[in-house]
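The next block holds one structure in the form of structure tokens; read it before the comments.
The values are calculated or read from the model by the stated rules, or taken from the named source; none is laboratory data. Note that the structure is a prediction, hence the values are computed from the model and not measured. Neighbour counts run over all protein chains shown; Cβ positions are idealised from the backbone, glycine included. Side chains are part of the model used for accessible areas, which takes the heavy atoms of the whole protein and leaves out ligands, DNA and RNA. Shrake-Rupley method; radii C 1.70, N 1.55, O 1.52, S 1.80 Å.
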Amino acid sequence: TYGESFGLSLVEWRILAKLGTVGSATVNRLASWMHYDKAQISRAVGALVEAGHLTRATNASDTRSAILTLTAEGQEFHRELMAFGRERQRLLLSLLKPDERKSLYEIVGVLTDHLRKDDLKTDSKED
């Protein structure tokens with residue numbers, strides 16, 4: 001698991017993965033995207049900042065919040081996490097027959113489409 005291999009909680013891993021994709025975000029935005037409580041995100045962000053993976057900068061449009069971004073160390077750590085994840089995915093998918101993989105991709109596509117629509121509704125209400 002990511003915890004055993006990298007010393008991360010699931011929330012910390014998801015924050016690094018999301019920020020590696022989007023570049024920067026606030027705690028509120030991360031909580032919305034990830035469907036976690038803001039307190040859970042804040043605690044995980046604190047650990048990631050302390051570990052040197054994230055930086056906090058004042059949000060010019062709302063000084064009550066901070067903009068979170070990956071540090072150079074965090075970007076390298078993100079690359080390692082993604083490589084680990086891709087290899088795990090490859091190994092898991094190798095257990096399935098081609099028709100099972102096709103079915104899995106179709107199901108995941110349906111779920112992803114639903115979540116994206118839900119996220120679009122939520123994004124317009126956040127920050």
For the chain, what does the helix formula give at 222 nm: sum of -39500 (n - 2.57) over DSSP H segments with n ≥ 4, over the residue count, nearest 500 deg cm²/dmol? -22500 deg cm²/dmol
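Taking Cα pairs under 8 Å and at least six residues apart, what relative contact order does region 14-125 come out at, in percent?
Values: 87 pairs, mean separation 31.2, N = 112.
In percent, rounded to a whole number, it is 28.
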Residue by residue through region 58-74, what is 3J(HN,Hα) from phi via Karplus (6.51 cos²θ - 1.76 cosθ + 1.60, θ = phi - 60°)? Round to whole Hz and write x for glycine and proline. 4, 7, 4, 8, 7, 5, 6, 10, 10, 8, 9, 9, 6, 6, 4, 5, x
hull vol. (C-alpha, convex hull) per residue for the chain, Å³ -> 109
Could you run the Karplus curve 6.51 cos²θ - 1.76 cosθ + 1.60 with θ = phi - 60° over region 25-40 and give me ³J(HN,Hα) per residue in whole Hz, x for Gly and Pro? 6, 8, 4, 4, 5, 4, 4, 5, 4, 8, 6, 10, 5, 4, 5, 4
Protein accessible area in region 24-78, 1.4 Å probe - carbon and sulfur %: 48
For region 5-126: lysine pairs under 27 Å (alpha-carbon distance), excluding those fewer than 8 apart on one chain: 10
Among Val108, Thr69, Ala57 the positive-end extreme of the charge dipole of the chain (Cβ point charges): Val108
Thr26 long-range amide H proximity, modeled H, under 5 Å: Leu68
Cα gyration tensor of region 1-68 - equivalent ellipsoid semi-axes, whole Å, descending: 20, 12, 11
Just need log10 I(q)/I(0) for region 71-120 at q = 0.14, 0.28 Å⁻¹, Debye formula, equal scatterers on the alpha-carbon atoms, no solvent, rounded to two decimals. -0.58, -0.91
For region 54-104 and region 1-47, what is the separation of their C-alpha centers, rounded to whole Å? 9
